[in-house]
Amino acid sequence: MRAIAERLVETRASDAGRRTKRIKRTVLHAFLIVMSLVWLFPLAYAVYTSFRPFAETAKLGYVSLPQHLTFDNYVHAWVQADLPKFFLNTVIIVVPAMIIVLFLASMMAFAVSRYSFRFNVGLLLLFTAANLLPPQVIITPLFRMYLALPLPDFLSDNGLFYDQFIGIIAIHVAFQMGFCTFVLSNYMKTLPKELNEAAVVDGASVARTFFQIILPLTRPALAALATLQATWMYNDFFWALILMRTGDKYPITSGLNALKGQFFTDNNLVAAGSILVALPTLIVFLVLQKQFVRGLTIGSTKG
């Protein structure tokens, strides 16, 4: 009888534990659903607004049921803002900046993670700490520096870093190096040290060890960082606005200003243009989603 009573107590305790876990899981799921809806509401509302004519929203208000929906705003935004030109400007800035920053960061990460020397930890901390500096703090000296730094004529049409694609590329590389170095160095630390030792025994140089052994093994991390960097650089608005003067050189985010009038702004048109501008980043993420998730999680369970 005592054994039966103890078993009943254990069964009741087990049932109570399962009920508690079920309640916690339900509360967690409800919280995540609510937060997802709150997060997605502005995007959904922008999509909804982009399909409505401005005359209709001006008459009925933005918070109203639509009488009819149309793609006219998307067509007008594509033509009026000359989005293909600004998309090309963005490609000219983002692709070289992403390649350069990943290449330099991978070399820096290789040096501080695979070799021991006196200042390797301090050097890594210096790169990482640079990410903590808000860009707005240094904009005045940086702006003056861009007005003073000379460039060869074949790289610049005014002889300066200011108002040039290469100037925006350089600032992206400078500000993203720290984060990429930090991520890649942590990833490279999970690779066995024996790889370097075997390469040395086989007579491989440092460059060959890096390019033929270590770098190919970091492809998942590079894919994840490439996705992040492409998205961050693509969405940048601040640097081009400050360090560029010529409107025809603006990247796509700054080019959206062409949809704003001096005395009047069609918010439906701006919403359509914003959706068009956001589509490439969504496509990049969907295409590289598996590599992105794998690059963020691989090595997380290694000792």
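The values are calculated or read from the model by the stated rules, or taken from the named source; none is laboratory data. For clarity, every value in this text was computed on a predicted model and none was experimentally measured. With ideal geometry, Cβ positions are generated from the backbone for all residues, glycine too; neighbour counts draw on all protein chains shown. Side chains included, ligands, DNA and RNA excluded: accessible areas come from the protein's heavy atoms. Shrake-Rupley method; radii C 1.70, N 1.55, O 1.52, S 1.80 Å.
Taken as a whole, region 54-70 holds no residue that is among the hydrophobic types (A, V, I, L, M, F, W, C) and open to solvent by less than 60 Å² (accessible area, probe 1.4 Å).
Within region 250-273, the residues that satisfy the criterion of being crowded, with 20+ Cβ neighbours inside 10 Å and small (Gly, Ala, Ser) are Ser254, Gly255, Ala271, Ala272, Gly273.
The set of residues from region 199-212 being assigned to a helix (DSSP H, G or I) and either touching a residue at least 24 places away in the same chain (Cβ under 8 Å) or open to solvent by less than 50 Å² (accessible area, probe 1.4 Å) (or both) comprises Ala199, Thr209, Phe210. Only residues that are open to solvent by less than 20 Å² (accessible area, probe 1.4 Å) and among the small types (Gly, Ala, Ser) were counted across region 231-249, and they come to 1. None of Ala105, Ala77 is more than 22 Å from the chain's Cα centre (by Cα), open to solvent by less than 30 Å² (accessible area, probe 1.4 Å) and in contact (Cβ under 8 Å) with a residue 60 or more places away in the chain except Ala77.
The residues in region 80-102 that are among the acidic types (Asp, Glu) and either open to solvent by less than 60 Å² (accessible area, probe 1.4 Å) or on the phi < 0 side of the Ramachandran plot (or both) can be counted, and the count is 0. Total residues in region 190-231 satisfying the condition of being β-branched (Val, Ile, Thr) and more than 19 Å from Met177 (Cβ to Cβ): the figure is 6. Within region 114-159, the residues that satisfy the criterion of being among the polar types (S, T, N, Q), under 30 Å from Asn186 (Cα atoms) and open to solvent by 70 Å² or more (accessible area, probe 1.4 Å) are Ser116, Gln136. Contact map, region 156-185: residues that are more than 17 Å from Gln229 (Cα to Cα) paired with residues that are assigned to a loop (DSSP other than H, G, I, E, B) and of a type in the set (Lys, Arg), Cβ distance under 8 Å, separation 6+ or inter-chain. Pairs shown: Tyr162/Arg245; Asp163/Arg245.
Take the residues in region 187-198 that are part of a helix (DSSP H, G or I) and touching a residue at least 60 places away in the same chain (Cβ under 8 Å); name whichever of them is least open to solvent (accessible area, probe 1.4 Å). The selected residue is Met188.
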